[in-house]
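Enquirer: One structure, pasted below without further comment.
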Amino acid sequence: MIFGISGSGKTLIGQMLAQRLGIDFIEGDDYHPQANINKMKSGHALNDQDRAPWLKLLEQEIELRVKEKKPFVLSCSALRLVYRDALRKGGAIRFLFLEVAEDVVAERLKLRTGHFMPASLLHSQSLTLEKPTSKETDVVSINAAQKPGDVVAEIIRKTT
């Protein structure tokens, strides 16, 4: 599972990695209820109550895929430890943290079009982010400030 703040590259890197591995890609944003999308579109950050049903759907998707032994790459912000712990309930998964500075992401977001998450919420995402600690032994940190192909190469190098 690939996680990080909005604009860190979760979707692009996730798609590239899944294609390279020949497995399914699951876009976590597709599981948001319309109310969450509307809230973010209007410039308001989600809270834990907003995220709970979304995380539950993702947990169920993980559980199904793990049970059926269907490999996948999932993108999800998973900004806080409690969110990652909720996803862990779905089964044994590896987390890939796309680590990138807020100013780099801000530049990327200036170029992004068609996404419901406005750039104005970037700082709130950075404030919400709880970077993984050494206690999260299933997390691999990846330098996401690199070119996308280099990010995927680093993921492959660090996880195989």
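The values are calculated or read from the model by the stated rules, or taken from the named source; none is laboratory data. Since the model is a prediction, treat every value here as computed from it, not as a measurement. Note that we place each Cβ from the backbone using ideal geometry, even for glycine, and neighbour counts take in every protein chain shown.
Enquirer: Does the stretch 63-73 hold any residues that are within 26 Å of Met16 (Cβ to Cβ) and out of contact with any helix residue (DSSP H, G or I) (no Cβ under 6 Å at 6 or more places or on another chain), and which are they?
Expert: Step one: list which residues in the stretch 63-73 are within 26 Å of Met16 (Cβ to Cβ), which gives 63-66, 68-73.
Across the stretch 63-73, the qualifying residues are Glu63, Leu64, Arg65, Val66, Glu68, Lys69, Lys70, Pro71.
Here's the yes/no breakdown for (1) closer than 17 Å to Ser8 by Cα; (2) modelled with pLDDT of 95 or more; (3) touching a Leu at 6+ places or on another chain (Cβ under 9 Å); (4) surrounded by fewer than 18 Cβ atoms within 10 Å (Cβ to Cβ):
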{"position": "Lys69", "(1), (2), (3), (4)": "no, yes, no, yes"}
{"position": "Val73", "(1), (2), (3), (4)": "yes, yes, yes, no"}
{"position": "Leu79", "(1), (2), (3), (4)": "yes, no, yes, no"}
{"position": "Asp85", "(1), (2), (3), (4)": "no, yes, no, yes"}
{"position": "Lys89", "(1), (2), (3), (4)": "no, yes, no, yes"}
{"position": "Leu98", "(1), (2), (3), (4)": "yes, yes, no, no"}
{"position": "Ala101", "(1), (2), (3), (4)": "yes, no, no, yes"}
{"position": "Met117", "(1), (2), (3), (4)": "yes, no, yes, no"}
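Enquirer: Looking at Ala101 and the list (1) of a type in the set (Gly, Ala, Ser); (2) in contact with a helix residue (DSSP H, G or I) (Cβ under 8 Å, 6 or more places away or on another chain); (3) without any contact (Cβ under 8 Å) to a residue 60 or more places away in the chain; (4) over 16 Å from Gly28 (Cβ atoms), which single condition is not satisfied?
Expert: (2)
Enquirer: Being surrounded by 22 or more Cβ atoms within 10 Å (Cβ to Cβ) and either closer than 26 Å to Glu107 by Cα or not β-branched (Val, Ile, Thr) (or both) is the requirement here; does Gly43 meet it?
Expert: Working: surrounded by 22 or more Cβ atoms within 10 Å (Cβ to Cβ): no; either closer than 26 Å to Glu107 by Cα or not β-branched (Val, Ile, Thr) (or both): yes.
Here the answer is no, as Gly43 does not meet what is asked.
Enquirer: In addition: When the stretch 33-49 is examined, which residues are found to be outside any helix (DSSP H, G or I) and either under 18 Å from Thr128 (Cα atoms) or within 18 Å of the chain's Cα centre (by Cα) (or both)? Lay out the reasoning, then the answer.
Expert: Residues of the stretch 33-49 that are outside any helix (DSSP H, G or I), as a first pass: 33, 42-47.
If the condition is that a residue be outside any helix (DSSP H, G or I) and either under 18 Å from Thr128 (Cα atoms) or within 18 Å of the chain's Cα centre (by Cα) (or both), then Pro33, Gly43, His44, Ala45, Leu46, Asn47 are the ones that fit.
Enquirer: Is there a residue in the stretch 10-32 that is part of a helix (DSSP H, G or I), charged (D, E, K, R) and within 19 Å of Ala145 (Cα to Cα)? Before the answer, list the steps.
Expert: Residues of the stretch 10-32 part of a helix (DSSP H, G or I): 10-21, 28-31.
Cutting the leftovers down to charged (D, E, K, R) gives us 10, 20, 29-30.
With within 19 Å of Ala145 (Cα to Cα) added as a condition, the list becomes 10.
Yes - at least one qualifying residue is present in the stretch 10-32.
Enquirer: Counting just the residues of the stretch 136-159 that are among the polar types (S, T, N, Q) and in a strand (DSSP E or B), which one comes out nearest to Val104 (Cα to Cα)? I'd like the intermediate steps shown before the answer.
Expert: Filtering the stretch 136-159 down to residues among the polar types (S, T, N, Q) leaves 137, 141, 143, 146, 159.
Cutting the leftovers down to in a strand (DSSP E or B) gives us 141, 143.
On the way: Ser141: 17, Asn143: 12 Å.
Top of the filtered list is Asn143.
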